[in-house]
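Single-structure report; data block below.
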Amino acid sequence: MAEFKIVVLPGDGIGPEVAAAGVEALKTIGEVYGHSFAFEEKLIGGIAIDERDDPYPADTDAACQAADAVILGAVGGPKWDLKPKRPEQGLLAVRKSLGLFANLRPMDVAASQAFRSPLKEDIVSGADMLIVRELTGGLYFGKQSRTETSATDECVYTVEEIERVARIAFEAARKRRNKVTSVDKANVIETSRLWRETVNKLHAAEYSDVELEHALVDSMAMHLVTRPKSFDVIVTENMFGDILSDLASVLPGSIGLLGSASLGATGKGLYEPIHGSAPDIAGKDLANPIGTLKSVSMLLRFSLNLNAEADALDAAIEAVIQKGILTRDLGGTAAGSEVTKAIVAEIRAA
Ligand SMILES: NC(=O)c1ccc[n+]([C@@H]2O[C@H](COP(=O)([O-])OP(=O)(O)OC[C@H]3O[C@@H](n4cnc5c(N)ncnc54)[C@H](O)[C@@H]3O)[C@@H](O)[C@H]2O)c1
């Protein structure tokens, strides 16, 4: 039996609680479906600064390099806010070291859950989108300079960088509802003009079966709020993706429900909930584990190619939500560990 190597980076705050939920779900899937997972826990973030004076120690990197996939809890907290070494440096370091250039964030609002959304139910009910954000180019990675009276941030994209992330979006669309919305600011910005040209060329050459539309980022912000159901896969550059994915993340009603995958060229990925370390609820067993469990479902799908197992986990999560076994952020009274236990029981019962 093949053994999958999974590195677990619990991190700070609620990170260890939610990462433990992910491990429990994978162990159960291993038992039920006959797979073997070897887990290795390593330091990242604030706890790594405390114990090693380094937010991303060399042995953590070596383990991540050797792994099939990495589960991350969350990093950061007030304890490290004013220190010169920052927990978030660990996050940037692992993404860079593993060459993770695409961040995937699915967001869906089931009809039965639409009442939780800050939007009107008829607008948001049934929305189901995947935002694919370019993660290693653009403004966040360009040269920066500063004088007394001015500041410059360079924004660079190459055809290769655009093509590889657009390919991930087109491939994902083929497994969903076959539509891609590419978001840019091509009426003003040169990198956006290259973005649009490159996406169009790739579409014509390899993905003409997928419906493609383009949207300008400013109008896209409005569309996400006024007609979120129109979108399937959305692909965009780093900064636009950062902003639009946060906007979309509030639609289901709790940040604790959403997971993410960061992928590179090799199939190896980093899987983490989109929320932070939530110091206000850490150590109280109040954290909603579902964002991490949704990330684990993507881990099964994208890094291990175990689609039936991912479907089983998704179905178990949905069943437990339907049964009303919910943490406090969703208006329930269950502890985080009770929600995990219920989801694991659903997997065994299926
Ligand atoms: N990827 C990451 O590791 C990541 C991402 C964002 C923020 N951070 C860090 O996390 C720390 C806290 O940041 P923040 O407060 O802005 O954001 P946060 O996401 O940690 O918390 C925002 C709010 O959502 C709640 N919340 C978050 N996750 C939840 C869950 N699973 N279940 C129930 N409620 C949940 C929190 O209690 C809080 O009220 C900061 O140090 C920040 O830098 C880390």
GNM top mover of V188, V210, V235 - the chain, alpha-carbon springs below 10 Å = V188
Over the chain, what is the relative contact order in whole percent, taking alpha-carbon pairs under 8 Å and six or more residues apart?
-> 21 percent
Zone of S337's modelled label, taken as backbone nitrogen in segment 24-67 under 16 Å from a point 7 Å along Cα→Cβ | 24-25
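So for segment 5-84, if I pair up every lysine 8 or more residues apart or on another chain, how many of those pairs have alpha-carbons under 23 Å apart?
5
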Using a simple spin-label model with points 7 Å from Cα along the Cα→Cβ vector, what separation in nm is obtained for E190 and A110?
-> 5.0 nm
For the chain, what does -39500 (n - 2.57) per DSSP helix run (n ≥ 4), summed and divided by total residues, give at 222 nm, in deg cm²/dmol to the nearest 500?
-> -12500 deg cm²/dmol
Say each of Y33 and T158 gets a label point 7 Å from the Cα, pointing the same way as Cα to Cβ; how far apart are those two points in nm?
-> 3.6 nm
For segment 240-303 versus segment 311-334, the gap between their alpha-carbon centres in whole angstrom | 16 Å
Percent antiparallel among DSSP beta bridges (both partners in the chain, rounded to 5) = 40 percent
So D59 and E211, fully extended at 0.36 nm per residue minus their Cα-Cα distance, gain in nm 50.3 nm
Could you list the GluC sites (Glu not before Pro) in segment 49-149 that lie in coil according to DSSP, counting only those with at most 16 other Cβ atoms within 10 Å of their Cβ?
-> E148
Projected onto their principal axes, the Cα atoms of the chain stretch, largest extent first, over whole-Å spans of 51, 48, 42
Ordering 322-328, 310-316 by per-residue average of other C-beta atoms within 10 angstrom, highest first, gives 310-316, 322-328
Sequence ranges 252-262, 292-302, 193-203, 162-172, ranked by mean other-Cβ count within 10 angstrom, highest first | 292-302, 252-262, 162-172, 193-203
Karplus-derived 3J(HN,Hα) from phi for segment 141-156 (6.51 cos²θ - 1.76 cosθ + 1.60, θ = phi - 60°), whole Hz, x at Gly and Pro, runs 10, x, 5, 10, 8, 8, 10, 4, 10, 8, 9, 10, 10, 8, 10, 10
With an 8 Å cut-off on Cα pairs and a minimum separation of 6 or more residues, tell me the relative contact order of segment 102-263 in percent.
-> 36 percent
Place a +1 charge on the Cβ of each Lys and Arg in segment 102-263 and a -1 charge on the Cβ of each Asp and Glu, then give the dipole magnitude about the Cα centre in debye, rounded to the nearest 20.
-> 380 debye
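Given just the C-alpha atoms of segment 102-263, how large is their convex hull per residue in cubic angstrom?
Details: hull volume 20.1 nm³, N = 162.
For segment 102-263, the hull spanned by Cα atoms encloses 124 Å³ per residue.
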Within straight cross-link reach of K185, meaning Cα distance under 30 Å, which lysines are found once same-chain residues fewer than 8 apart are removed?
-> K96, K120, K143, K175, K201, K229
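Starting with the highest mean, order 4-17, 36-49 by the number of other Cβ atoms within 10 Å, averaged over the residues of each peptide.
Packing order, densest peptide first, comes out as 4-17, 36-49.
All of the numbers you see were taken from the coordinates with simple rules; none came from a lab. Only a predicted model underlies this, so the values are computations on that prediction, with no experimental measurement involved. Here Cβ is always computed from backbone atoms with ideal geometry, including for glycine, and neighbour counts include all displayed protein chains.
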